[in-house]
Amino acid sequence: MIITQSLEKSLSQEGITLTEFSELVLRLLDYSVICREESQIEQNLYDRFLRVETLVQDYLSVLHIRLLHENQFQYIRTYPPGAEVPGMHDEQYQPFNSGLRQRLGQQEIAVILVLRSQYDKSLREGAVDDNGQVLISLEALSIAMHNLLGRALPEHILDRKKLFSRLKQLRLIQYGVEDEVANGDTWIRIRPMIVSFVSDEALSVLKEESQQRITDNA
């Protein structure tokens with residue numbers, strides 16, 4: 001009760017209620033990411049976060065949950081104990097799995113790794129827009145999947161829609177109408193959040209495996 005009263009007092013100084021604070025924290029825990037440009041709801045939550053950032057950090061630190069706040073592209077992502085965070089090393093809580101600590105299937109992980117690889121490629125080429133996004137066609141993504149991992153995108157339309165819907169929910173990509181992902185001519189945008197989602201180490205493993213595949217097939 002004392003902690004709650006202290007928190008309410010600190011929040012009141014910023015004109016935010018305990019209910020509004022809880023809404024913000026629960027959204028972070030539930031979605032793991034808030035991106036200001038995603039919707040009006042997330043814009044409001046992000047702006048609210050800016051006013052109580054320290055309080056949110058302190059609150060989540062009790063659970064050893066860390067936050068990455070990307071000011072340039074205006075998004076926040078939460079990381080569980082031990083997860084790899086760019087520029088932050090967790091000495092106490094080492095990862096017991098991989099850097100991709102979400103509950104993802106092998107197909108999702110494969111596509112995310114390739115998306116990160118294509119994002120880095122476009123970044124080196126300067127093909128990034130003012131919002132840090134990279135435009136790529138599904139055909140180009142499919143070719144990259146084959147070249148890097150020897151895998152293909154789901155052939156079944158429902159499976160493909162489910163896959164891309166999940167990646168969109170994670171704020172890793174943007175696209176228009178859902179039915180468009182069934183079309184190879186469709187273009188999607190890889191969002192800069194992909195960099196904070198996939199570690200450099202995971203990307204290095206992908207490159208090594210890709211090089212090994214090339215060597216084996218030579």
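Numerical summary
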read-out	value
Condition broken by LEU45, with the remaining ones in (1) at pLDDT 90 or above; (2) farther than 19 Å from GLN169 by Cβ satisfied	(2)
Selection within the range 17-48 - surrounded by fewer than 19 Cβ atoms within 10 Å (Cβ to Cβ) and aromatic (Phe, Trp, Tyr)	TYR31
Qualifying residue in the range 155-165 (condition: within 22 Å of GLN74 (Cα to Cα) and touching a strand residue (DSSP E or B) at 6+ places or on another chain (Cβ under 7 Å))	no
Selection within the range 49-83 - open to solvent by less than 60 Å² (accessible area, probe 1.4 Å) and of a type in the set (D, E, K, R)	GLU53, ARG66, GLU70, ARG77
Some residue of the range 73-83 being within 24 Å of GLU38 (Cβ to Cβ), assigned to a loop (DSSP other than H, G, I, E, B) and at pLDDT 90 or above	yes
Hey, GLU14 of a type outside the set (Val, Ile, Thr) and open to solvent by 50 Å² or more (accessible area, probe 1.4 Å) or not	yes
Every residue from the range 107-147 that is under 19 Å from GLN74 (Cα atoms) and assigned to a loop (DSSP other than H, G, I, E, B)	VAL128, ASP129, ASP130, ASN131, GLY132, GLN133
Candidates VAL128, VAL181, filtered to the one that is at pLDDT 90 or above and more than 23 Å from ARG66 (Cβ to Cβ)	VAL128
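The values are calculated or read from the model by the stated rules, or taken from the named source; none is laboratory data. This structure is a prediction, so every number in the text was calculated from the model and none was measured. Please note: Cβ atoms are built from the backbone with ideal geometry, for glycine as well, and neighbour counts cover all protein chains shown. Quick note on the areas: whole protein, heavy atoms, side chains included, nothing else; ligands and nucleic acids left out. Shrake-Rupley method; radii C 1.70, N 1.55, O 1.52, S 1.80 Å.
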